[in-house]
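Undergrad: One structure, as structure tokens, below. Some questions next.
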2 protein chains.
Amino acid sequence: MEYSPANHAAYAFFRSAFSIREAVHSTARIEAWLKEKNLCVSVMVEQVPLHALQQWEVEPGTGNIRHQSGKFFSIEGVRVKTNAGIVSLWEQPIINQPEIGILGILTKKINGLLHFLMQAKIEPGNINTVQLSPTLQATRSNYMRVHQGKTPLFLEYFNGEKPVEVLLDQLQSEQGARFLRKRNRNIIVEVAPDELPEIPDQFIWVTLAQIKELICKDNLVNMDTRTVISGIPFAPGEAFPEADRLSEAIAGKNNRAGLLLLNSLLSTATPVHDLTGLISWITRLKTLYELDAERISLNSVQGWHYDGTSWVHHLQRYFSVIGVNVSIGNREVISWDQPMIKPAQEGVIAFIVKEIGGILHFLVQAKVEVGNFDILELAPTVQCLTGNYREGVNEYSVPFISEVLKAPSDRVWYSAMQSEEGGRFYREQNLNRIVEADNSFPVEVPENYCWMTLNQLMNFIQYNNYLNIAARSLIAAIRF
Amino acid sequence: MEYSPANHAAYAFFRSAFSIREAVHSTARIEAWLKEKNLCVSVMVEQVPLHALQQWEVEPGTGNIRHQSGKFFSIEGVRVKTNAGIVSLWEQPIINQPEIGILGILTKKINGLLHFLMQAKIEPGNINTVQLSPTLQATRSNYMRVHQGKTPLFLEYFNGEKPVEVLLDQLQSEQGARFLRKRNRNIIVEVAPDELPEIPDQFIWVTLAQIKELICKDNLVNMDTRTVISGIPFAPGEAFPEADRLSEAIAGKNNRAGLLLLNSLLSTATPVHDLTGLISWITRLKTLYELDAERISLNSVQGWHYDGTSWVHHLQRYFSVIGVNVSIGNREVISWDQPMIKPAQEGVIAFIVKEIGGILHFLVQAKVEVGNFDILELAPTVQCLTGNYREGVNEYSVPFISEVLKAPSDRVWYSAMQSEEGGRFYREQNLNRIVEADNSFPVEVPENYCWMTLNQLMNFIQYNNYLNIAARSLIAAIRF
């Protein structure tokens, strides 16, 4: 059996996801290392009025907040008109950052097993301060070497300067409720085993299985890592001799969830909808739903006001835009100012799954969000980032929320708190869940929901702007 | 062997594409019918100054041309900045028609063979006046029944009012050089064999094979038909008992082109790039290439002027925007005014194909066009709509143009003049070609070109905004 380059990548990912051989470090050691990194760094984040941020300015007239250099991002307003959902017209602040950024993970085989070069990265908004992050987070300007200045570590492996094998390279979207059409290039490259015998202190070699193990814990693995690994096509397929052995091993463990998930990836049983049907569903909704997102000045955003320090919603809902001064360092201290998004409260993202016709299906939501590049994206069954979903404070009901929050523990397959990206979002964390529906859960669903197998989701994830970042965050957590 | 719904559609399309049983009408009869329809209609198209068009107005200040009702489309200006290609900054008029339109073909089995309900449709810009068109061309307002008024024939089969089986349902782009982010829903539905025993006079039942036969002739099949059928996944696969018989039949005919094309769809040989590699190529170029298309007023477009009648380029290049009065009728005469796009000269679109590693590949171009929804789309090897490609009048050289125009006849697999959509484009036709490269043609190609098999192209065509309309027009012409 020969492996083509595609099979090579799939096979390498497969082995790394299931730790067939030994990883360089134990997962406990990696977690301890993250804690050490956390202890030896000091981070001070102090709130500062937006109008007093150093190197940022409030644009006269519009009130938009932008960096003096014109780089990074700006905070502007947006007026949204849509016929999807209950609210058909609203205005809100939004982050405008039109560049495509790079999220890159460098890998190499160590003892024949693919390891990922992960970084203990400090971000001002992080819960836990330091989270496990991709090898590289770079702006397009970094990547293109447009301007002089410090280039990020390992850039040369991602911009064609050094020879690598590209294992994954996808364009993926950011949060559509917060960013205007923002996308990042998600890329994984492999270098030869003899490359990089030494790595800097804040980096560590980790297998895919270990990253997934750490995603089971709260706020250890950052959003950038989760989105990059979510696209990994780790379906072993029949080509791999280990596939059978794996299925047996999972069966031996009496791991019902693991078996059903593996089955959802590999089964040849007939799904509820075939690919033509799924594409037809997406096409129909993109034709029916309108999304008109007009950029307006921050000053003119209805329903929001500047309270002298931050931009807030009149009823304190959703989120606020705050200003912070950040100081990071142990010996040398780096300090800067920036705006951040601070959520009003925690949110929930969750997939409900159900076995239908002998194969596990995910209940996918077609979600229209203001910043979406193409009207709607495929989202988890429940997605209310900073939504007022708690009983008593409901402004509107969230479909399927009680199935997610009230499921007995044997039907909760995955549950952890996970952070949004700590460079833009201030201590924003959401409950991430995968919940098995009980038998009475209907197969018939509203027009903006659809059942898909894991295999079908993994197919769509390859093409840009199909799965949203919340769906990808949950898929990253799946293991068998 | 059982056929799932997906297989059902693929199998029905496959049989219709290869006319295994008899069609209702011979192809000669269909062609004669089109000619008859052409003879018994009178169409007058008279040029009128844009400022004198009835029911249209020139917007004060901007000079934009729009319908008094606010419906249909408008002619505006656009300022384009890009780092792709040779010209990095230009301005031009553009059609703004933000709605998603519907292009629908109704099918049913007659004598067990899938037939397509085609329309002899008159469009003011058509060469040949009447061309073979989809069953339905509707605006979103028609489709949603937003306003009262005459609803188009057969709408009820496409908007959920009557039960149908959806065989194909894709969102596809229009001309990126002329339209701002315009897309249409391309949909094929099947009704039960006993439905529609009678059809109106201007409709006819045609098999897929016959449509493809007619595409071999100049300007008989309109662009809307070509784009809808281009998405048909007519790969038989091993599931169909007829597949072997077909291969043998083609082999028996000594049809080299047909065999190589079939092989490019079905072969399990390793293509030059796998799917991961192709998606990586697209991702890399979408990251590298910038496209900033800013809407500006028509009055302010640099390099163009209003000559008292039409909007024209200072050097008479590219196209002009003209006004026309249209009168159509035999007994009853319908008359209206509208703006149209008139090309400066004919263009060329062509795929160069080449056998590499035992499998036929198409040389695909990643093309950035001003109105593209997502920066670039996959285009034919050569695409110069109304380009000054002729020697002597070159303003810039078009890569691979001489291979296309100077190929000896045995390497020209397909060649015909085909029209752009006659509702917007005035007598615009382009030379459509598929040309086999000679042996010396390099496998190494510039960064914005890539080799793909027909199977790979047919995969991408399903996901929206991957293949542009020129590429789809050529794919529609492929038969074995």
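The values are calculated or read from the model by the stated rules, or taken from the named source; none is laboratory data. Owing to the predicted nature of the structure, the values given are computational and were not obtained by experimental measurement. We place every Cβ from the backbone using ideal geometry, glycine too, and count neighbours over all the protein chains shown. Ligands, DNA and RNA are stripped out before the accessible areas are found, and what is left, the full protein with its side chains, is counted by its heavy atoms. Shrake-Rupley method; radii C 1.70, N 1.55, O 1.52, S 1.80 Å.
Undergrad: At a probe radius of 1.4 Å, what is the per-residue accessible area of residue A:224, in Å² to the nearest 10?
TA: About 10 Å², rounded to the nearest 10.
Undergrad: Would you list the P(r) distribution for region A:238-339, with all Cα-Cα distances sorted into 5 Å bins from 0 and each bin expressed as a whole %?
TA: 2, 8, 9, 9, 7, 7, 7, 8, 10, 15, 12, 5, 1
Undergrad: Could you please state how large a percent of the accessible area of chain B is carbon and sulfur, counting protein chains only and using a 1.4 Å probe?
TA: So the carbon and sulfur contribution to the accessible surface is 49 percent.
Undergrad: Before we go on, tell me the buried accessible area for the B/A pair, both chains summed, 1.4 Å probe, in Å² to the nearest 100.
TA: 3100
Undergrad: Related question: Against the 2.2 N^0.38 Å scaling, with N counting residues, where does region A:324-480 land? I'd like the Cα-based Rg ratio to two decimal places.
TA: 1.17
Undergrad: Leaving out ligands and nucleic acids, and using a 1.4 Å probe, what accessible area per residue does the protein assembly as shown come to in Å²?
TA: 40
Undergrad: Taking amide H atoms as placed 1.01 Å from N in the peptide plane, list the residues 5 or more away in sequence, or in a different chain, whose amide H sits under 5 Å from that of residue B:110.
TA: Correct list: B:115.
Undergrad: Same structure, new question: Dipole magnitude of chain B about its Cα centre, charges +1 at Lys/Arg Cβ and -1 at Asp/Glu Cβ only, in debye to the nearest 20?
TA: Magnitude of the dipole: close to 280 debye.
Undergrad: For chain A, what does the convex hull of the Cα positions come to per residue, in cubic angstrom?
TA: 153
Undergrad: Here's something else I'd like to know. Filter the GluC sites (Glu not before Pro) in region A:103-174 down to the DSSP loop ones having no more than 11 other Cβ atoms within 10 Å, then list what survives.
TA: Hits after loop and neighbour filter: A:161.
Undergrad: Convex hull over the alpha-carbon atoms of region B:252-402: what's its volume per residue in Å³?
TA: Expressed per residue, the convex hull around the Cα atoms of region B:252-402 is 235 Å³.
Undergrad: Which value at 222 nm does chain B reach when only helices count, each DSSP H run of 4 or more adding -39,500 (n - 2.57), with the total divided by all residues and rounded to the nearest 500 deg cm²/dmol?
TA: -6000 deg cm²/dmol
Undergrad: Averaged across A:285-293, how many Cβ atoms of other chains sit within 10 Å of each residue's Cβ atom?
TA: Mean shielding by partner chains, rounded to a whole number: 3.
Undergrad: While we're on this one: Could you work out the mean count of beta carbons from other protein chains within 10 Å of each residue's beta carbon in B:270-281?
TA: If you average over the peptide's residues, the count of other-chain Cβ atoms is 5.
Undergrad: With every protein chain kept in the model, how would you rank A:118, B:44, A:144, A:417 by accessible area, 1.4 Å probe, largest at the top?
TA: These residues rank, largest area first, as B:44, A:144, A:417, A:118.
Undergrad: Take the Cβ-Cβ distance between residue B:397 and residue A:254 as r, set R0 to 60 Å, and report the resulting FRET efficiency rounded to the nearest 0.05.
TA: FRET efficiency, residue B:397 to residue A:254: 0.35.
Undergrad: Report the GluC sites (Glu not before Pro) located in region A:11-76 that are in a DSSP loop and have at most 16 other Cβ atoms inside 10 Å of their Cβ, or state none.
TA: Taking region A:11-76 and a limit of 16 other Cβ atoms within 10 Å, the loop GluC sites (Glu not before Pro) found are A:22.
Undergrad: What is the log10 of I(q)/I(0) for the protein assembly as shown, computed with the Debye formula using one identical point scatterer on each Cα and no solvent, at q = 0.05 Å⁻¹?
TA: The computed values of log10 I(q)/I(0) come out as -0.31.
Undergrad: Spelling out what I want: for every residue of region A:411-418, take phi, set θ = phi - 60°, compute 6.51 cos²θ - 1.76 cosθ + 1.60 (Karplus), and round to whole Hz; glycine and proline get x.
TA: 9, 8, 7, 8, 7, 7, 8, 10
Undergrad: Oh, and also: Taking 20 Å² as the minimum loss, tell me which residues in region A:167-212 lose that much accessible area going from the chain by itself to the full protein complex (1.4 Å probe).
TA: A:169, A:171, A:183, A:185
Undergrad: Counting pairwise Cα distances across region B:402-480, what percent come out greater than 19 angstrom?
TA: Counting pairs separated by more than 19 Å, the tail of P(r) holds 50 percent.
Undergrad: Taking the C-alpha atoms of region B:34-150, how large are the radius of gyration and the largest Cα-Cα span, Dmax, in Å?
TA: Final numbers for Rg and Dmax: 19.4, 61 Å.
Undergrad: Something else: Using amide H atoms built in the peptide plane, which far-off residues or other-chain residues are under 5 Å from residue A:355 H to H?
TA: The answer is A:361.
Undergrad: If all Cα-Cα distances of region A:83-202 are sorted into 10 Å bins from 0 onward, what percent lands in each bin, rounded to whole numbers?
TA: Bins of 10 Å from zero give 11, 35, 33, 14, 6, 2 percent of pairs.
Undergrad: Could I ask something else about it? What ³J(HN,Hα) values, in whole Hz, does the Karplus curve 6.51 cos²θ - 1.76 cosθ + 1.60 give for region A:169-186 when θ = phi - 60°, with x put for Gly and Pro?
TA: Computed from phi, the couplings for region A:169-186 are 6, 10, 9, 10, 8, 9, 4, x, 8, 10, 10, 8, 6, 7, 9, 10, 7, 9 Hz.
Undergrad: In vacuo Debye scattering of region B:262-305, one point per C-alpha: log10 I(q)/I(0) at q = 0.18, 0.22, 0.29, 0.32 Å⁻¹?
TA: Computed log10 I(q)/I(0) values: -0.71, -0.85, -1.00, -1.08.
Undergrad: Quick one: Karplus J couplings for region A:435-451, per residue in order, coefficients 6.51, -1.76, 1.60, θ = phi - 60°, nearest Hz, x for Gly and Pro?
TA: After applying 6.51 cos²θ - 1.76 cosθ + 1.60, I find 10, 7, 5, 7, 4, 7, 5, x, 7, 5, 10, x, 4, 8, 10, 7, 8 Hz.
Undergrad: Quick one: which bits of region B:435-480 get at least 30 Å² less accessible when the partner protein chains are in, versus the chain alone, with a 1.4 Å probe?
TA: B:462, B:463, B:464, B:466
Undergrad: Something else about it: Name the GluC sites (Glu not before Pro) in region A:319-380 that are in a loop by DSSP and that have at most 11 other C-beta atoms within 10 Å, would you?
TA: Those satisfying the criteria are A:332.
Undergrad: Please list, in chain and number order, the residues 5+ apart from residue B:425 or on another chain whose amide H is under 5 Å from its amide H, with Hs placed from the backbone.
TA: Residues meeting the amide H criterion: B:341.
Undergrad: Just how large is the dipole of the protein assembly as shown about the Cα centre, in debye to the nearest 20, putting +1 at every Lys and Arg Cβ and -1 at every Asp and Glu Cβ?
TA: Once rounded to the nearest 20, the dipole reads 300 debye.
Undergrad: Could I ask something else about it? With viscosity set to 0.890 mPa s at 25 °C, what whole-number translational diffusion coefficient in µm²/s follows for region A:152-293 from Stokes-Einstein and a Kirkwood radius over Cα pairs?
TA: Reported coefficient: 127 µm²/s.
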